[in-house]
Amino acid sequence: PFPKPFPATRKEAVMAAPTTFQLDLPRNRDWPPAPLNERIHAAAWTASGDCSSLRPAPPEEAVRVIVIHATAGSSTAGAVSVMEEGRASFHWIVPGKDEKEHGGHVWATCPERRAAWHVRRSCAHPEICAGATKLNRLSLGIEIVNRQNGEDPFSRRQLEATAEIVRYAAGKYPKLVHVVSHARLAPDRRTDPGPNFPWAEFRAMVLD
């Protein structure tokens, strides 16, 4: 069973600190490959060729981190427009509560074999990959459609979908260890996925 219903009360949500959001997966896990209900977003997939890079090694060797983002917008289309402008990219989008795909499938937006541009080259944390920079080469990025204004709670289905992506990746990439918020890597610039993201419940979904 999943933990008690959420989101948390407003007081509890305000107390959350996105800069502390970090989940380290068991290193010696023996998790079977997990299914992932994903569909390729054609426009994003095409655009990703101009806003992603080659990894220094195959993803099975390179991927060590998953970074959780929030779009600070209300739609998948808005997030994809950032890719179409060539400004940034990410590997998946979890649809918003008002979108027909919500609770159905997630959008695959960039090939996993490529390094999406979802964190700055200088982003780092001493507890993540021994403080390494240039983490795009070592990571996968997940965008969750959410206004990130404190008034837009994440739905249970969004959390379940995000946890499903993590479990899929954990079964596929043996060197994947860290699951972190964007804020953890860029505390002076970013707060996403935001203080109302119920990290404890999300962690339980991944590990249950």
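Side notes on the structure shown:
- Verdict on residue 148 being farther than 22 Å from residue 51 by Cβ and either part of a helix (DSSP H, G or I) or open to solvent by 10 Å² or more (accessible area, probe 1.4 Å) (or both): no
- Residue in the stretch 162-175 that is modelled with pLDDT of 95 or more, part of a loop (DSSP other than H, G, I, E, B), buried (at least 19 other Cβ atoms within 10 Å of the Cβ) and out of contact with any Pro (no Cβ under 9 Å at 6 or more places or on another chain) present: no
- If you go through the stretch 50-75 and keep only what is among the small types (Gly, Ala, Ser) and touching a Pro at 6+ places or on another chain (Cβ under 9 Å), you end up with 52, 62, 70, 75.
- Residue in the stretch 61-70 that is open to solvent by 40 Å² or more (accessible area, probe 1.4 Å), closer than 15 Å to residue 169 by Cβ and of a type outside the set (Gly, Ala, Ser) present: yes
- The condition (being crowded, with 17+ Cβ neighbours inside 10 Å and either more than 16 Å from the chain's Cα centre (by Cα) or among the β-branched types (Val, Ile, Thr) (or both)) is satisfied by just one residue among 91, 125: 125.
- Taking the stretch 71-83 as the range and being closer than 16 Å to residue 117 by Cβ and buried (at least 16 other Cβ atoms within 10 Å of the Cβ) as the test, the residues that pass are 71, 79, 80, 82, 83.
- Within the stretch 33-60, the only residue that satisfies the criterion of being surrounded by fewer than 11 Cβ atoms within 10 Å (Cβ to Cβ) and touching a Gly at 6+ places or on another chain (Cβ under 6 Å) is 33.
- Residue count for the stretch 185-208, restricted to those that are part of a helix (DSSP H, G or I), open to solvent by 60 Å² or more (accessible area, probe 1.4 Å) and of a type in the set (Asp, Glu): 0.
- Residue within the stretch 23-30 that is in contact with a helix residue (DSSP H, G or I) (Cβ under 6 Å, 6 or more places away or on another chain), open to solvent by less than 60 Å² (accessible area, probe 1.4 Å) and under 19 Å from residue 177 (Cβ atoms) present: yes
The values are calculated or read from the model by the stated rules, or taken from the named source; none is laboratory data. A quick note: this is a predicted structure, and the numbers were derived from the prediction, not measured. Note that we place each Cβ from the backbone using ideal geometry, even for glycine, and neighbour counts take in every protein chain shown. Protein only, heavy atoms only, side chains kept; ligands, DNA and RNA dropped before computing areas. Shrake-Rupley method; radii C 1.70, N 1.55, O 1.52, S 1.80 Å.
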